[in-house]
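Structure first, then comments.
Values in this text are rule-based calculations from the coordinates and carry no lab data. Fair warning: this is a prediction, and the values are worked out from it, not measured in the lab. Glycine gets a Cβ as well: all are built from the backbone with ideal geometry, and neighbour counts include every protein chain shown.
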Amino acid sequence: MEISNSSWFQPPSLLLTGIPGLEDVQIWLSIPLCVMYLIALLGNCTILFVIKTTSILHEPQYTFLSMLAATDVGLSVSTLPTVLNVFLLNHRAIEFHACLTQMFFIHTFSSMESAILLAMAFDRFVAIRSPLHYTVVLTTPRIIRMGLAAVVRGVLLMMPLPILLKRLAFCKGVVLSHCYCYHPDVMKLACGPVRVNILYGLSLVLCSFGVDSVFIVISYVLILKTVLGIASGEGQLKALNTCVSHIFTVLIFYVPLIVLAIIHRFGTFASPLLHVTMANLFLFLTPVLNPLVYSLKTKQIRSAVGKVFKERGSSLR
């Protein structure tokens with residue numbers, strides 16, 4: 001079919017993909033997916049509620065954690081309709097503009113999460129390097145500006161993505177590789193020149209995730225240098241222990257993201273199952289595990305959550 005055909009210049013809809021070869025059992029796979037969404041939404045909403053209602057948690061560290069939880073909720077809500085449609089109802093079609101909208105929100109929330117992880121690394125650096133100046137450096141207005149900067153950066157950087165895709169001709173089919181819309185995946189269906197899209201996508205990665213990851217590494221190099229300067233081994237372990245949750249969160253966010261980007265860039269002959277697995281890890285790992293990690297590893301959060309559930313249980317009796 002020729003590119004000039006208007007029905008192919010902008011397809012009315014695209015087809016999402018579940019798990020290749022397991023279409024007959026996808027309805028059963030929807031059960032653990034629903035459980036993971038429930039954990040992600042309830043867990044992160046609980047974190048938000050606990051931090052808001054517990055006065056001792058009104059500190060910079062927990063304010064950043066609430067931003068992270070809100071971002072995880074946004075990421076989960078952005079993907080929930082299409083994922084459950086594919087796995088629960090076997091409804092694979094998504095309208096073209098709805099796909100672009102979903103893609104924008106997924107990439108925007110991902111960029112925001114990366115920026116918030118950088119802010120949390122800076123928070124840990126200040127807390128360990130200059131504990132006496134912690135509340136002086138990380139004031140409430142400064143924290144709010146950092147949060148707004150993460151939102152504005154994400155929106156401004158990702159806004160051109162759907163615009164650049166709308167200018168392309170689509171003639172390589174309408175079947176996507178995932179159960180949600182992801183920029184490199186949609187771009188592969190285009191038959192027109194995609195050099196601008198590739199260059200802009202690379203710039204996005206470097207200006208957001210690349211810059212953030214570099215500064216996170218620098219923060220932890222400086223943190224490690226400070227910790228090694230502490231005389232007692234007990235003091236060193238105590239200082240490092242305050243960073244464990246954040247380090248784990250950084251790893252579960254960046255590792256699937258990097259692997260998924262490599263697969264889309266170089267994995268032409270990779271198994272479709274590998275594509276789906278890494279896509280779903282990127283989708284679920286961070287929103288599901290973040291509230292669990294911080295609830296288990298942070299005593300203040302764990303105590304506050306336990307107190308809230310205890311109070312709720314008492315009020316129902």
**Report entry** Where no second cysteine Cβ lies under 4.7 Å, the cysteines concerned in the chain
**Finding:** Cys34, Cys45, Cys179, Cys207, Cys243
Query raised in the report: Does region 7-304 classify as rounded, prolate or oblate by the C-alpha gyration tensor (a ≥ b ≥ c root eigenvalues; a/c under 1.5 gives rounded; else a/b over b/c gives prolate, otherwise oblate)?
Result: prolate
**Report entry** Order by protection proxy (mean Cβ within 10 Å, highest first), peptides 60-69, 154-163
**Finding:** 60-69, 154-163
Query raised in the report: What's the local net charge at Gln300, with K and R +1, D and E -1, over the other residues with C-beta under 13 Å away?
Result: +3
Report task. Please compute the net charge surrounding Cys179, taking Lys and Arg as +1 and Asp and Glu as -1 over other residues with Cβ under 11 Å from its Cβ. Result -> 0
